[in-house]
Each structure stands twice: as C-alpha cells, then as structure tokens.
Amino acid sequence: MDRQQPGNMLVVGLQWGDEGKGQIVDHLSGEFDLIVRYSGGANAGHSVVVGETRLGLHLVPSGILRDHVLCVIGNGVALDPEVLFEEIDSLRGHGVDAEARLQISDRAHVVMPYHKLEDRLSEAALSAGAKIGTTARGIGPLYSDKANRTNAIRVHQLVQPGVFRERLTDIVERKNRIFAALYDAEPLDAEAIYEQFAAYAERLRPMVCDTAHLLHQSIANGKRLLFEGAQGALLDLDHGTFPYVTSSNSSAGGVAVGSGVPARAISTFLGVAKAYTSRVGAGPMPTELDDGVGQAIRDVGREYGTTTGRPRRCGWFDGVATGYSARVGGINAIGLIGLNVMSQFDQINVCVGYEVDGERLDRFPSDVDLLERVQPVLEPIEGWKQDLGGCRHWEELSPAALNYLAKIESLLECPIVAVAVGPERSQLLLRPS
Ligand code: IMP
C-alpha cells in the first residue's frame, strides 16, 4: 500500500470471495499503469461508481474508470462476450470509452450459450445435497471444455470467421447429442449462435492481442502492473474446498498461469479478507452462524451477492481457513475489510483452531467431509462498540479494535496494511509506515 514502493502488486481474496477486493483495487488503481484480470469470469462481481450511478461489473476491471489505466483481461479468464459488451455499453452510456482502454488475451477461452445451458441443466439434475450452488454463468462447463480441449473455443479462433464457424458447428453437434441424452434438452441452433458471436467477434477484434507479450513489454518499459484476483483462495479449484469451489485457480498462484507473467515479477501479494467470514453457495463453512448474530453481520455488512443477489452465509473470522490461504498464496500484506461490521458486538469470537471427534486440528483439512464435521475453537475478543464509520486515519481506531487486528495478524502471520471501516473510498484507512 506504500505509494513510494515500486513494483507490481497482486490483490487476491483469502476467503470464499466477496472480500471487498474492489475497494482496495479502486483505491490503488490510480498508482498503476495496467490492471490485469487473470482468472474467473462473469461469476465475479464488483461495483464501480460513475458519477451518481453505481454500476455492477463482472468482467471489465474496475480500473477502467481511470483515464491513464490500461485494463487487461488475461488468458486465464472465461470470456463471456455477451456480458462484456453489456458492460462496455453501459459504461459508454455513462461517458466511459472502455473499448479504447481494454486489451483481451487471444488465448482466453470463450463462454458460449451452451456452457450456460449446461451449467443450469447439470445443477438442476443434481440431488439437493450434491448441488454446488453455481452462479449459472457457464463457468464450470467452460473450464471443463478448456481442459478437455476438443470442445473449447479460444478468442483467436473466435475472431477468425472460417475457423470459428467450423469449430462451432462441430461442437454444437456434439453438445446437442450430449444434452439430449443426459437432459432430454432441445437442440441448439449452431447458425443462430454463429450469427450472434460473429457480431461479437467483429467488435472484439481491435481489443484482442497477445496480452502476455504486452505485459512483458510493459514491465520492461517500467510500467506498474496491478493484478486483480477474482473470487477467493478458498474457492480455488486446487486449493479450495473442492468440490464446492469455482473452476479456476482463484488463489494467488493462478496469477502466473492466468496472465503469463511470472510470480517473481510481483513484489506485493496483498491478501484481502473480511473482518468476519461470508460464503455464497454450498460447501462447508466452519464458523457459520445460523442465528441472530449471523443475520446481524449480513444486515450491517449488506451481505447479498453482486452477481446473483443471494443472501450470503455469515460467521466469525476463521483464522485457520484464512491463515491457510495466506500461506498457500505467499501473502505478504493484508487488507481487512468491513471492520465496522463488528462494531455492533460486545464480544467478538475469532476461530483459532478446529476440533473434530474431540481432537484438536490446527490445519485446514483437504477433505470437505471432514471440514463439514469440524467445530470451530473460538477465542472471545473484547468488542469496541465504537462507530468506526467516521474514522479517516488509522490512529483513530480504538485500542480494542487494534487488539482485534493484532489477533488476526498473529493468526495470519502477516501485517495488516489497510483496514476498511465502510464501503466508501474515504473509509479505507492505510496503516502509517
Ligand atoms: P461457479 O463459479 O459459478 O461455478 O460457482 C461455484 C461456486 O463458487 C459457487 O458456490 C458460487 O457461489 C461460488 N462463486 C463463484 N464466483 C463467486 C464470487 O465472485 N463470489 C462468491 N462466490 C462465488
């Protein structure tokens, strides 16, 4: 967070997404030349304020509002042209020319209508206990096709009409057979999809380039890069609470693969966490509070999904899960969001360990069935009962609030460098160096 500190930075979520990374990125984006998305797709969501209007964005990086910033959608992103152009058009309606400052990787993969259809059909076909609770944005099917290779369409193929038509016809034919057999679904019309996406391709073409090359050149020319993570580390396909995860590497490790920039080019790995825990969708969450306290966190923290509007599950800060994410991600600085949400409690509990079958477990388990059974070991911390919303400087935080931060730092073994005491730009307090 230090303005004087040179180098590139990664901002990544340490919990199950929705940590408020956008507030940190918004604050920092003025200090960087390029803002890069490297994973996930339209399942993510952040809002930006343009004049008097709050716009929800899913794909376009929030730095798009800064005139001097070039925004990049890297190869690891699931590119949904329909959503992208909705966002671009809505930004244009508010006087922001996003197309002029957006570059899209030719290696990114394209989310097609059959991915969204498959997402819905496959979730609907699962039994209640087996559902992932996806955002229905086609993310899982898209990344499955990418890994499977045969049915994937990359951006460089989309923008070549002949190549695109041939691949699409072939793929839709296969998808129709699969969907009919598995879900008794009506066939999709390849020609109609071609027409729709050929139009997107025309608009996309001027923005498409080898973004890895662009980023390397930018680094060589002394530009500063900010990498903006999507979701959070506990939703990472490899390191999260599998199978209740998203289908990309949303933890810090995904940055190198998803952008083509080696991790050693990044000096600050800023992990963002909430002062509590939230989760949307299915899967274990050891500190979940299914009671009035959980509801109070949801109400004050306005914990409803940006992408789906679903109420988020809420609970105490989980030092085991978040500490695990910080270690896996090599995090060297923490941004803590929503400290004000905890101001309402006389006493705040922090999860410092897990217990299962009467045994202490200090490690974050890989087996979700085990994680489902753990009981959090809670340590009570005295609350501060001070309305923090008006604080503008770190020094204004009360000793009890600072004590809470110190507890979290000790659990994450990492310094907190910024704290948000509300959602506004002015409510992000930087720790004096
Ligand atoms: P998918 O990414 O739509 O496949 O959803 C898989 C899981 O990740 C579900 O539990 C979603 O609720 C969750 N998820 C995906 N994106 C986000 C996000 O941006 N914030 C929070 N949860 C997310």
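The values are calculated or read from the model by the stated rules, or taken from the named source; none is laboratory data. Keep in mind it's a predicted model, so treat the numbers as computed, not measured. Note that each Cβ is placed from the backbone with ideal geometry, even for glycine, and that neighbours are counted across all protein chains shown.
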(message) Looking only at the stretch 43-65, filter to residues that are farther than 19 Å from residue 136 by Cβ and buried (at least 18 other Cβ atoms within 10 Å of the Cβ); which one of those is modelled with the lowest pLDDT?
(response) 48
(message) I'd like to check something: does the stretch 106-125 contain any residue that is in contact with a strand residue (DSSP E or B) (Cβ under 7 Å, 6 or more places away or on another chain), of a type in the set (Ser, Thr, Tyr) and assigned to a helix (DSSP H, G or I)?
(response) no
(request) State whether the residues of the stretch 220-233 include one that is more than 29 Å from residue 366 (Cβ to Cβ), in contact with a helix residue (DSSP H, G or I) (Cβ under 9 Å, 6 or more places away or on another chain) and not charged (D, E, K, R). (result) yes
(message) So, residue 75, is that one away from the ligand (no atom under 16 Å from the Cβ), touching a residue at least 24 places away in the same chain (Cβ under 8 Å), over 27 Å from residue 262 (Cα atoms) and out of contact with any Pro (no Cβ under 6 Å at 6 or more places or on another chain) or not?
(response) no
(message) Just to confirm my filter: which strands (runs of 3 or more DSSP E) fall fully inside the stretch 277-365 and include at least 1 residues that are within 15 Å of the ligand (Cβ to nearest atom)?
(response) 277-279, 313-315, 333-337
(message) under 30 Å from residue 17 (Cβ atoms), at pLDDT 95 or above, away from the ligand (no atom under 16 Å from the Cβ) and out of contact with any His (no Cβ under 8 Å at 6 or more places or on another chain): is that true of residue 164 in this structure?
(response) no
(request) Considering only the stretch 69-106, state which residues are under 20 Å from residue 140 (Cα atoms), surrounded by fewer than 22 Cβ atoms within 10 Å (Cβ to Cβ) and of a type in the set (A, V, I, L, M). (result) 83
(request) Output the number of the condition that residue 337 fails; it satisfies all remaining conditions of (1) touching a helix residue (DSSP H, G or I) at 6+ places or on another chain (Cβ under 8 Å); (2) surrounded by fewer than 19 Cβ atoms within 10 Å (Cβ to Cβ); (3) touching a residue at least 60 places away in the same chain (Cβ under 8 Å). (result) (2)
(message) For a quick check of your reading: which strands (runs of 3 or more DSSP E) sit entirely within the stretch 6-54 and have at least 3 residues that are in contact (Cβ under 8 Å) with a residue 12 or more places away in the chain and within 16 Å of the ligand (Cβ to nearest atom)?
(response) 8-13, 46-50
